[in-house]
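Working notes, beginning with the structure itself.
The values are calculated or read from the model by the stated rules, or taken from the named source; none is laboratory data. None of these values were measured; they are calculated from a predicted model. Positions of Cβ are backbone-derived with ideal geometry, glycine not excepted, and every protein chain shown enters the neighbour counts. Surface areas here come from the heavy atoms of the whole protein model, side chains and all, with no ligands, DNA or RNA. Shrake-Rupley method; radii C 1.70, N 1.55, O 1.52, S 1.80 Å.
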Amino acid sequence: LAIILWTIAEMLHQLKAARDRTERVLQENENRLRTIIEAEPECVKMLAADGTLLDMNRAGLAIIEACTLAEVRGRSIYPLIKPAHREAFQALTESAFQGRSCTLEFELAGLRGTTRWLLTKSVPFRDEQGRITACLAVTCDLTERKRAEARLAAFSQLAQRLGLAATPHETATIIVEVAESLFGWDACFLHLYAPESNLTIPLLTMDLIDGRR
């Protein structure tokens, strides 16, 4: 009987040691994965089926202008998506829970109002039993690329339209309209300066009053 009890005790000890080793390995793997995700320069986030934010790395928090994860965890990400893209983003999240991967370009407004263009790739996140428990998405910032494309298109349009201008006033109007599309403004003027005579020649002055030019 003593031998049997000793054997059982030894088996229990070995089982506990094996379980402790497994838990330690799992914790080390989790810490390693968290370190990799936090070092990732792109946004990495996990969403519930209803769009609730479950987790997000530092790069993602910077994009949505959140100071800490606690500030946004448990809140829906959908209100930050611009209305024109919200339905498509919801469909992307739902697709992940249906086992599909999706890609989407969309516009987002951060908590402090900054607007960004983003590209996200989503995949289903599964637990050890293979059940889909979250939507895992990696998102990169396209804002600078979009701005460069807009500048290129604006300058191309400027060159084409200036070739059709017949008067200095028409030329000034075209320049001001293109400048507005690039920079935005509430009021502006465009003057010519003649250095040989030190004269300033007004061509166009515009203002925004009660929503009208």
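Got at least one residue in region 175-188 being farther than 26 Å from residue 108 by Cα and part of a strand (DSSP E or B)?
Yes, that holds for at least one residue.
Show the residue pairs that are 6+ apart or on different chains and have beta-carbon atoms under 6 Å apart, the first residue being within region 199-213 and without any contact (Cβ under 8 Å) to a residue 12 or more places away in the chain, the second being open to solvent by less than 100 Å² (accessible area, probe 1.4 Å) and aliphatic (A, V, I, L, M).
Filtered contacts from region 199-213: 201/192; 213/206.
If the requirement is being in contact (Cβ under 8 Å) with a residue 24 or more places away in the chain and surrounded by 12 or more Cβ atoms within 10 Å (Cβ to Cβ), which of these qualifies: 165, 172?
Values: 165 fails: in contact (Cβ under 8 Å) with a residue 24 or more places away in the chain.
Among 165, 172, only 172 is in contact (Cβ under 8 Å) with a residue 24 or more places away in the chain and surrounded by 12 or more Cβ atoms within 10 Å (Cβ to Cβ).
When the residues of region 120-147 are narrowed to those that are part of a loop (DSSP other than H, G, I, E, B) and open to solvent by 40 Å² or more (accessible area, probe 1.4 Å), which ends up nearest to residue 93 (Cα to Cα)?
Among residues in region 120-147 that are part of a loop (DSSP other than H, G, I, E, B) and open to solvent by 40 Å² or more (accessible area, probe 1.4 Å), the one nearest to residue 93 (Cα to Cα) is 131.
What are the residues in region 75-96 that are closer than 15 Å to residue 45 by Cβ and touching a Cys at 6+ places or on another chain (Cβ under 7 Å), if any?
Hits for region 75-96 are 92, 93, 96.
Give the residue that is surrounded by the fewest Cβ atoms within 10 Å (Cβ to Cβ), with candidates limited to residues of region 70-119 that are touching a Phe, Trp or Tyr at 6+ places or on another chain (Cβ under 9 Å), in a strand (DSSP E or B) and free of Cβ contacts under 8 Å to residues at least 40 places away in the same chain.
Among residues in region 70-119 that are touching a Phe, Trp or Tyr at 6+ places or on another chain (Cβ under 9 Å), in a strand (DSSP E or B) and free of Cβ contacts under 8 Å to residues at least 40 places away in the same chain, the one surrounded by the fewest Cβ atoms within 10 Å (Cβ to Cβ) is 105.
Just to be sure before I move on: is residue 156 surrounded by 10 or more Cβ atoms within 10 Å (Cβ to Cβ) and under 25 Å from the mean Cα position of the chain (by Cα) in the structure I sent?
So residue 156 fails the test.
Taking residue 32 and the conditions (1) open to solvent by 50 Å² or more (accessible area, probe 1.4 Å); (2) modelled with pLDDT of 90 or more; (3) part of a helix (DSSP H, G or I), which numbered condition does it fall short on, given that it satisfies the others?
Going through (1) open to solvent by 50 Å² or more (accessible area, probe 1.4 Å); (2) modelled with pLDDT of 90 or more; (3) part of a helix (DSSP H, G or I) one by one, residue 32 breaks only (2).
Just to be sure before I move on: is residue 38 part of a helix (DSSP H, G or I) and at pLDDT below 80 in the structure I sent?
yes
Can you find a residue in region 49-65 that is farther than 20 Å from residue 132 by Cα, in contact with a Cys (Cβ under 8 Å, 6 or more places away or on another chain) and β-branched (Val, Ile, Thr)?
Among the residues of region 49-65, at least one is farther than 20 Å from residue 132 by Cα, in contact with a Cys (Cβ under 8 Å, 6 or more places away or on another chain) and β-branched (Val, Ile, Thr), which makes the answer yes.
Within region 188-213, can you find the residues that are under 28 Å from residue 146 (Cβ atoms) and open to solvent by less than 60 Å² (accessible area, probe 1.4 Å)?
Kept after step one, since they are under 28 Å from residue 146 (Cβ atoms), are these residues of region 188-213: 188, 190, 206, 208, 211, 213.
Within region 188-213, 188, 190, 206 meet the criteria.
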